[in-house]
Structure formats: C-alpha cells, structure tokens
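J.: I have a structure here, written as structure tokens, and I will follow up with some questions on it.
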Amino acid sequence: MHAGEHTSPLLPEPAPVRRKETELPSPDDELAPPEAERRATWFELFCDLVFVAAVGQITHRISSGPTLGSVAAASALFVPLWWTWVLYAVRANRADRDVTSHRLVTMAGLAAVCGLGVFVGSVGTSQGADTGFALSYLGARLGVAALYALEARRERVLVPLLASFGAGSAVSALFWAGGALLAPAGPVRYGSWAAGMAVDLAIPLLSGRRIARAPHHTEHLRERFGLFTIIVLGESVLGFTNGLVKAHSAGSATVTGAAAFALCACLWWSYFSASGTRPGAHAELARDPRLLHTYVFGHLPVQLGLAVTGGAVGTAVVGSANRLTTALALCVLGGVALFLLSTAAVRSAFTGVRDPVVLLRVGTALLIAALVPVAGSLPVAVVLAVPAGLLGVSVAAEGPSHRRRLAGAG
C-alpha cells in the first residue's frame, strides 16, 4: 500500500500483537504462503449487485413504517443477509480461481440470495414468506459449501475448514428449516431462527486454528468490506433522493435534502478517512484469527448502523415539514452513533482504547446520541445537519493522528 492512500479507518497500522506460544499455529501446521496482491474481480462486483437488491428491501422495510418493532425486525433480518455476503466474500478471498465451475455454482447461490430479497420484506406477515426466506438462506449457504468442496479437492488446507463449516451448517439448518416448516409463526419460529443464526456465527469462532491455516488476502478482504459499505451507504443516497422526489413541492425539502446529503457524505468520509500504512502492515489479519474475527464481526454493527440510518433518511426528507417521531429519530441518530462506536471498537483492537481516533469517535457518538431526547422538537433539517457537522468536525480532528501515521509509514 502506498503512503497517502485512503483506506478504511478500521485497520490502522497495528502494533505487534503479543501472543502466547500455545496460541500460535504449530510449526507442523500447513500455512499458506502469501500470494500476490489481489483486487476485486468483475464477477465479485456482479455478486455485490445481487446483494444490493436485498439490502434495498431491508432499508425499504425500515422506511415504509419506522416503529421500534419494525426497525428491530428489519435489523434482525439484516443479520442473515449480511452473514451470507460475508460467507461469499471470505470464501472468494481464501480460494477463488474465478473459473467457469465456480461461477456457475456461485450464480446458483446468488439465485437464492435473490430469494432473500424477494421474501425479506414480507417475513412475519405470511407463512409463504417465512418459508421462502428460510429456504433461500439455506440455499445460499449450500452454495458456499459447494464452493469450498470444489476448492478443497485442489487445496487440501481447506479440508478441515470445510469439515467445520459443513458440520456447523448442518446443525444450523435444523433450526432454520424446523422453525420455518414445523414451528408456528411467532416467538417459537423466530427463536429457532435466532438459535440457528447463533450457530452460524459461532462456526468461525470455534475454528480458530483451522482459519489460521487457511490463506487470506488481507488487502483484498479490506477492499471487499469497503465495497459492501458503499452498497449500504448507497441506500442512504437512494433514500433521500426518493424522498426529494416525493416531497419536491415542500419548501423545506431542499434544505432537508441538502442536510441528508451532507450526512451521507460525512459518513462516507468517516469510514474511508484513514492513514496510509507500511506495506504488509495488515498481514496480522491472516496470522491472528482473533483480529480477523474482530474485523469481520465488527462490521456487522458498522453496516447495520448505516442501513438503519439510510432507511430512515428518506422518510425524514418526505416529512421535512413535520417533526421526527421517536422511532425515526432513533434510527437516524442511533444509527450514526452505532456506526461510530463500532468503528471505534474495531480500531481499538488494533491500536488500543487510548488511540486519539478511538476517543474522538466515542465522544462524537455520545454527543449525537444525546440529541435523541430533543430531536422531536427540532426541525428535521437540523436533526440531519447536526450529526453531519459533528462527523465533519470529527474527521478534521482525526487528521493529525492520520498524518502522524503517514509520517511513520514513510
């Protein structure tokens, strides 16, 4: 990586991590050698386009009727969708020859992702939607398992990883299929799905040594997560532009739309504003499964916060002549605060909690969250403009820390 290049703030130049000898892979472990630099392929970008539609349905579910219950349901449904994307992105990061057989299997899995997008907006309202969503999720996971199986014949280091993934997925499938086909709609069904989701998320946490032996392209992985963040931010832009289309006759819509654009731009800047680092500084992600897990799982609240904010922004612009409801204010302000706290938490795993950027983001998040009790009495444009301004100040204040790291990298 070249000095001065803007990257994700979630991975600054990490200090060496001290680990016990027993936590390191043994000398007999088969470690994949570092490979040449990789960039996202055109096929990976096509795969992201399929997820765009599903993410859009999540944000539409939030914007169509933002209540505390509907936002909680949409947030819960975001998790399996996000995890599906992670599975495909990480699998391609580990082993992707981009050959015809892999493309065909991936496309079959992506067809199931389309099913997620079709049914996610109606989950909870009909048996058919619940069944379709669960089966689509299982179909998408089956596609990942098939891809690992194809590559494991060629890369034997992936065989243990495939075994862990296959066993965990089988257990998870019992909860998902059983909840959809056998359990009645309501707490029993969705509790069963939550249990299945917990199993899914636990699989990599229980496979630390096997993950350590698998190859990783750290810069490519960071690029993929950055691209998915752009996808989620794009829903915010789409939300406020659609809001402007619907509210074009309202005199306050232009001001509110400008504030919404500023908020989206500052969220982008906050995520991608970071220091350049020395070449190979992020190889630690490939060596330490704990840091890899921190980075990957840390993006769930980061991108969920952006999705919740994006879903609410369009509704806020449409109702710019009125005041925000409590639920809508929580979506806008709480989503931004969650984004900041999550990026700070992930960064602190690499730099420590006393890192100036970490402290700035935590402080900014607390200031934004403090606006929630009074948001209902403020004009909508102010509620959008104030967090945008605070984000802008935070980005500017982080500059000296980034420049110091640039100097160290040089």
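J.: Quote to one decimal, in nm, the extra length available between Ser122 and Leu49 on full extension: 0.36 nm per residue of separation minus the C-alpha distance between them.
T.: Contour length minus Cα-Cα distance gives 24.2 nm.
J.: A further question follows. Taking only protein heavy atoms into account and a 1.4 Å probe, give the accessible area per residue of the stretch 85-216 in Å².
T.: 41 Å²
J.: Cβ neighbours within 10 Å, averaged per peptide: list 344-353, 325-334 in order, most packed at the top.
T.: My ranking of the peptides, most packed first, is 325-334, 344-353.
J.: Name the residues of the stretch 139-160 whose amide N is less than 15 Å from a point 7 angstrom out from the Cα of Arg97 along the C-beta direction?
T.: 147-159
J.: For the stretch 139-257, just say rounded, prolate or oblate: build the C-alpha gyration tensor, square-root its eigenvalues into a ≥ b ≥ c, call rounded for a/c under 1.5, and beyond that prolate if a/b exceeds b/c, oblate if not.
T.: oblate
J.: Next up: As an exercise, use a Förster radius of 60 Å and the Cβ-Cβ distance of Thr41 and Ala72 to find the FRET efficiency, rounded to the nearest 0.05.
T.: It comes to 0.95.
J.: For Glu44, what charge total do you get from the other residues with a beta carbon under 12 Å from its beta carbon, if Lys and Arg give +1 and Asp and Glu give -1?
T.: So the environment of Glu44 carries a net charge of +1.
J.: Let me ask another. Cβ under 15 Å from Val353's Cβ, Val353 left aside: what net charge do those residues give with Lys, Arg +1 and Asp, Glu -1?
T.: +2
J.: Given a Förster distance of 45 Å, report the FRET efficiency between Arg354 and Ala265 from their Cβ-Cβ distance, rounded to the nearest 0.05.
T.: For R0 = 45 Å, the calculated efficiency reads 0.95.
J.: Can I ask one more? Return the distance in nm (one decimal) between the two label points of a simple spin-label model at Thr241 and Arg404, each offset 7 Å from Cα along Cα→Cβ.
T.: 4.0 nm
J.: Okay, next question. With a 10 Å radius around each residue's Cβ, average the other Cβ atoms per peptide and rank 297-307, 160-170, 114-124, highest first.
T.: Those peptides, ordered most packed to least, come out 297-307, 114-124, 160-170.
J.: Show me 258-265, 335-342, 220-227, 195-202 ranked by packing, highest mean number of other Cβ atoms within 10 Å first.
T.: With the highest mean Cβ count within 10 Å placed first, the list reads 335-342, 258-265, 220-227, 195-202.
J.: Heavy-atom accessible area per residue, the stretch 290-410, 1.4 Å probe: how many Å²?
T.: Accessible area per residue: 36 Å².
The values are calculated or read from the model by the stated rules, or taken from the named source; none is laboratory data. Keep in mind that what you see is a predicted model, and the values were worked out from it rather than measured. All Cβ positions, glycine included, derive from the backbone under ideal geometry; neighbour counts span all protein chains shown. Only protein heavy atoms, including side chains, enter the accessible area calculation; ligands, DNA and RNA are left aside. Shrake-Rupley method; radii C 1.70, N 1.55, O 1.52, S 1.80 Å.
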